[in-house]
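J.: Sharing a structure below in structure tokens format, with a few things to ask.
The values are calculated or read from the model by the stated rules, or taken from the named source; none is laboratory data. Here the structure is a predicted model, which is why all the values come from computation and not from measurement. No Cβ is skipped: glycine too gets one built from the backbone with ideal geometry, and neighbour counts run over all protein chains shown.
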Amino acid sequence: MVDNITMNNRYGITSQVFHWVTALVVLVAFIYGPGGSEQRVYAHSRDFDRQIHESLGLIVFVLTMLRLLWHRVAPPPGLAIDKRWMFIAAKTTQGILYLLLFAVPLSAIAGAWLEGHPLTLLAGIEIQPPIAISHELGAIIAEIHTWLGDAVLWVAGFHALAAIYHHGVLKDGVLVSMLPRWVPVKPPVDRQENA
């Protein structure tokens, strides 16, 4: 029995596309987040950035829903995990990431609508608030949205560092399993083969 994680196979191309496109969209949405006070976020000079940010947030929400549905069709590859704490850490991190990928866009929408602002998307699409305005509650939720947006980047960064640790230190196939085959990263050599 090995003391690290070994991969039975790789994630399929569709799962890899969901993973990497979601990561990219989250990063770009974070960069285009207008941030700051309500006056700054909804200033006319910030309209384009806000439209990009809100459009990408909606895309993250849809991608996350589709990805979870895809997991039912094509479950992730099996992991043989000898260390229980690694399994728990991996599942916990994955669960937190999924929770954040839903909570960040939903908190943005709820905060904006409760403050009385429409959801503004690219191409001039506006979705007016279908709920009663509660400005104070909306401001609280908008602040929570900011914290959640920061948290998703921290957790995703931890996730990325863990994958690099698996590849460089544990020398298992965790990182390689999520990389497309055309990426020139060699699968690590099994430590038992070298023993």
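J.: List the pairs whose first member sits in region 20-35 and is more than 11 Å from Val152 (Cβ to Cβ), whose second member is at pLDDT 95 or above and surrounded by fewer than 14 Cβ atoms within 10 Å (Cβ to Cβ), and whose Cβ atoms are under 6 Å apart, counting only residues at least 6 apart or on separate chains?
T.: As it stands, the answer is none, since no pair meets every condition given.
J.: Among (1) at pLDDT below 90; (2) closer than 25 Å to Lys171 by Cα, which single condition is Ser37 missing?
T.: Failed condition: (2).
J.: Could you check region 89-132 and list, in sequence order, the residues that are charged (D, E, K, R) and under 17 Å from Leu68 (Cβ atoms)?
T.: Lys91
J.: Something else about it: Within the group Ile52, Ile109, Ile96, which residue is in a helix (DSSP H, G or I) and within 30 Å of Asn9 (Cβ to Cβ)?
T.: Criteria check complete, one pass: Ile96.
J.: Residues of region 71-85 being out of contact with any helix residue (DSSP H, G or I) (no Cβ under 9 Å at 6 or more places or on another chain), modelled with pLDDT of 85 or more and more than 15 Å from Ser177 (Cβ to Cβ), which ones?
T.: Residues satisfying the conditions are Arg72, Arg84, Trp85.
J.: Looking at (1) closer than 23 Å to Ser15 by Cα; (2) among the hydrophobic types (A, V, I, L, M, F, W, C); (3) surrounded by fewer than 19 Cβ atoms within 10 Å (Cβ to Cβ), which one does Ile125 not meet, given that it meets all the others?
T.: With (1) closer than 23 Å to Ser15 by Cα; (2) among the hydrophobic types (A, V, I, L, M, F, W, C); (3) surrounded by fewer than 19 Cβ atoms within 10 Å (Cβ to Cβ) applied to Ile125, the lone miss is (1).
J.: Another question about this same structure. Quick one: how many residues across region 44-70 are more than 9 Å from Ala29 (Cα to Cα) and hydroxyl-bearing (Ser, Thr, Tyr)?
T.: 2
J.: Now, a different point. How many of the residues making up region 105-145 are of a type in the set (Ser, Thr, Tyr) and either at pLDDT below 95 or in contact with a strand residue (DSSP E or B) (Cβ under 9 Å, 6 or more places away or on another chain) (or both)?
T.: Matching residues across region 105-145 total 1.
J.: Could you grab me the full set of residues in region 28-47 that are surrounded by 13 or more Cβ atoms within 10 Å (Cβ to Cβ) and either in a helix (DSSP H, G or I) or of a type in the set (Lys, Arg) (or both)?
T.: Those that are surrounded by 13 or more Cβ atoms within 10 Å (Cβ to Cβ) and either in a helix (DSSP H, G or I) or of a type in the set (Lys, Arg) (or both): Val28, Ala29, Phe30, Glu38, Val41, Arg46, Asp47.
J.: Please find, among Trp85, Trp70, Trp113, the residue that is among the aromatic types (Phe, Trp, Tyr) and crowded, with 19+ Cβ neighbours inside 10 Å.
T.: Exactly one of Trp85, Trp70, Trp113 is among the aromatic types (Phe, Trp, Tyr) and crowded, with 19+ Cβ neighbours inside 10 Å, namely Trp113.
J.: Can you tell me which residue in region 145-168 is surrounded by the most Cβ atoms within 10 Å (Cβ to Cβ), limited to those that are in contact with a helix residue (DSSP H, G or I) (Cβ under 8 Å, 6 or more places away or on another chain), without any contact (Cβ under 8 Å) to a residue 60 or more places away in the chain and over 16 Å from Glu54 (Cα atoms)?
T.: Ranking the qualifying residues of region 145-168, first place goes to His167.
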